[in-house]
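The values are calculated or read from the model by the stated rules, or taken from the named source; none is laboratory data. Note that the structure is predicted; figures quoted are calculated from it, not measured. Glycine gets a Cβ as well: all are built from the backbone with ideal geometry, and neighbour counts include every protein chain shown. Keep in mind that these areas ignore ligands, DNA and RNA; they rest on the heavy atoms of the full protein, side chains included. Shrake-Rupley method; radii C 1.70, N 1.55, O 1.52, S 1.80 Å.
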Amino acid sequence: KPVTSPPLAPTLERAPPQAKPVATASAAPVVRRQFGLTAPRVLVIGSSTGGPQALMSLVTDIGPVIDRFPVLITQHMPPTFTTILAEHLARSSRRPAAEAVHGEIVKPGRIYLAPGGRHMKVVRNGTDAAIALDDGPPVNFCKPAVDPLFTSAIDVWHGNMLAVILTGMGSDGMRGGKDIVAAGGSVIAQDEATSVVWGMPGAAAQAGICAAILPLNQIGPKVVQLFSGVRS
């Protein structure tokens, strides 16, 4: 396991007090929502503990989506390691993947990864979407955090969004996922059995914002279906 530098380790490894798998035998049944009424035009993904392996698996299954739509990913990870992860994602997907650069225009056919130590947001730039990197304080104990990406993307794509929340500690992505659903978009969470830690996807599932809760190997095919216009 890579050793992180001391200043970053608390941000990446320390979970908030509630950051334990949220599903228990006594937990209320998970409520699933219907998928949004319109086909998505962007895929946003959040992940943490166990995320790099899950991401590399997922991007191998969604090539047709990457070719036609932008894919933006926030993985809880410090600088340098996100550079390496982007290289692995490029190899796995056989598509361009790199750490996002402040001000660059978001285009289909590319994977944009939040650089370690900075939040990645999306803003309008005329008729385009552009990357905005934010050096603000940690969100949900994390920097980069998933919620800033999810919430900011609504201003650009409104409800035409699909969010995927993969394995990870804590609850990052749940609040942003709520906003996406309120705007008319959809959320898919990885299931507990295939997650290294069912914190982030579990929090989304228990919040009742997910249209599907799937094993990792079923998420990619479902994403391809949804971007093709299938709404079930």
Can you send over the carbon and sulfur percentage of the accessible area for the chain, probe radius 1.4 Å, protein chains only? 56
In whole percent, what relative contact order does region 60-193 give with Cα contacts below 8 Å and a gap of six or more residues? 20
With the Cα gyration tensor of region 185-232 giving a ≥ b ≥ c as the square roots of its eigenvalues, does the rule (a/c under 1.5 for rounded; else a/b larger than b/c for prolate; else oblate) give rounded, prolate or oblate? oblate
Dipole of the chain, Cα-centred, from +1 at each Lys and Arg C-beta and -1 at each Asp and Glu C-beta, to the nearest 20 debye? 320
Per-residue accessible area for Ile180 at 1.4 Å probe radius, Å² rounded to 10? 0
Can you give the FRET efficiency for Met56 and Gln218, using 1/(1 + (r/R0)^6), R0 = 22 Å, r = Cβ-Cβ distance, to the nearest 0.05? 0.85
Based on Cβ point charges of +1 for Lys and Arg and -1 for Asp and Glu, what charge dipole magnitude is obtained for region 41-126 about its Cα centre, in debye rounded to the nearest 20? 260
In the chain, what is the volume of the convex hull around the alpha carbon atoms, normalised per residue and reported in Å³? 108
Looking at the chain only, what percent of DSSP beta bridges run antiparallel? Nearest 5 please. 25
What ranking of Glu192, Glu99 comes out by heavy-atom accessible area, probe 1.4 Å, highest first? Glu192, Glu99
In square angstrom, what is the accessible area per residue of the chain with a 1.4 angstrom probe? 42
